[in-house]
Amino acid sequence: MSFADTNGQHLYYEDTAGTGPAILFSHGYLMDHDMFAPQVDALRDDYRVITWDERGHGQTPVDGPFDYWDSARDALALLTHLGVEEAVLAGMSRAASCRCAPRSCPRAGAGAGAHRHQAGSRTPRRFRRTRR
């Protein structure tokens, strides 16, 4: 079990510690890091894959109210704790809030892009990258 004590939080995370580019996966509401197990298995040989439990989910406790910006700050703090200078941020549902993180720390989101797929649509819509 790995925990990072950062931002006044006790964040649970798993890190493949691979030597390739880093990818940080952030889960959706009422989920935890395990939702990305198939992606971790598929990518672990070529990437450094990091999953984590956001506040109040999985093995990370919650000590009060928090918002999407807190989640984005936690994601950046976790990357800093792990010594990751650049990462692709991947998220599902509410965890796409990690997309806010590059605005407060551009180097951490250098590879971040966003796709949205709606049930019934044939192709995902691509949104422009946000860089400062």
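In which sequence would Glu85, Glu14 go, from the one with the fewest C-beta neighbours within 10 Å to the one with the most? The partial results should precede the final answer.
Details: Glu85 11, Glu14 18.
Lowest count first: Glu85, Glu14.
Starting at the first residue of the range 84-91, write each ³J(HN,Hα) from the Karplus equation 6.51 cos²θ - 1.76 cosθ + 1.60 with θ = phi - 60°, in whole Hz, x for Gly and Pro.
Calculated HN-Hα couplings, in order: 8, 8, 8, 8, 8, 9, 10, x Hz.
Have a look at the DSSP beta bridges in the range 1-99 and tell me what percent are antiparallel, nearest 5.
If we restrict to bridges inside the range 1-99, about 45 percent are antiparallel.
In the range 29-71, which chymotrypsin sites (Phe, Trp or Tyr not before Pro) are in a loop and have at most 11 other Cβ atoms within 10 Å, using DSSP for the loop call?
Qualifying residues, ordered by number: Tyr29.
Using the Karplus curve 6.51 cos²θ - 1.76 cosθ + 1.60 with θ = phi - 60°, work out ³J(HN,Hα) for each residue of the range 20-30 in order, rounded to whole Hz, and write x for Gly and Pro.
Rounded to whole hertz, the list is x, x, 8, 10, 9, 9, 10, 6, x, 4, 6.
In nm, to one decimal, how far is the Phe3 label point from the Asp46 one, both placed 7 Å along Cα→Cβ?
A separation of 3.6 nm, rounded to one decimal place.
What residues qualify as long-range amide H neighbours of Ser26, i.e. H under 5 Å apart, gap of 5 or more or another chain, H built at 1.01 Å from N?
Result for Ser26 returns Ala90, Gly91, Met92.
Could you check the spin-label model distance between Glu85 and Tyr29? Points 7 Å from the Cα along Cα→Cβ, value in nm.
Each label point is offset 7 Å from its Cα along the Cβ direction, giving 3.8 nm.
Bear in mind these aren't lab numbers, they're just calculated from the coordinates by the rules spelled out. All values derive from a computational prediction rather than experimental measurement. Cβ atoms come from the backbone with ideal geometry, glycine included; neighbour counts cover every protein chain shown.
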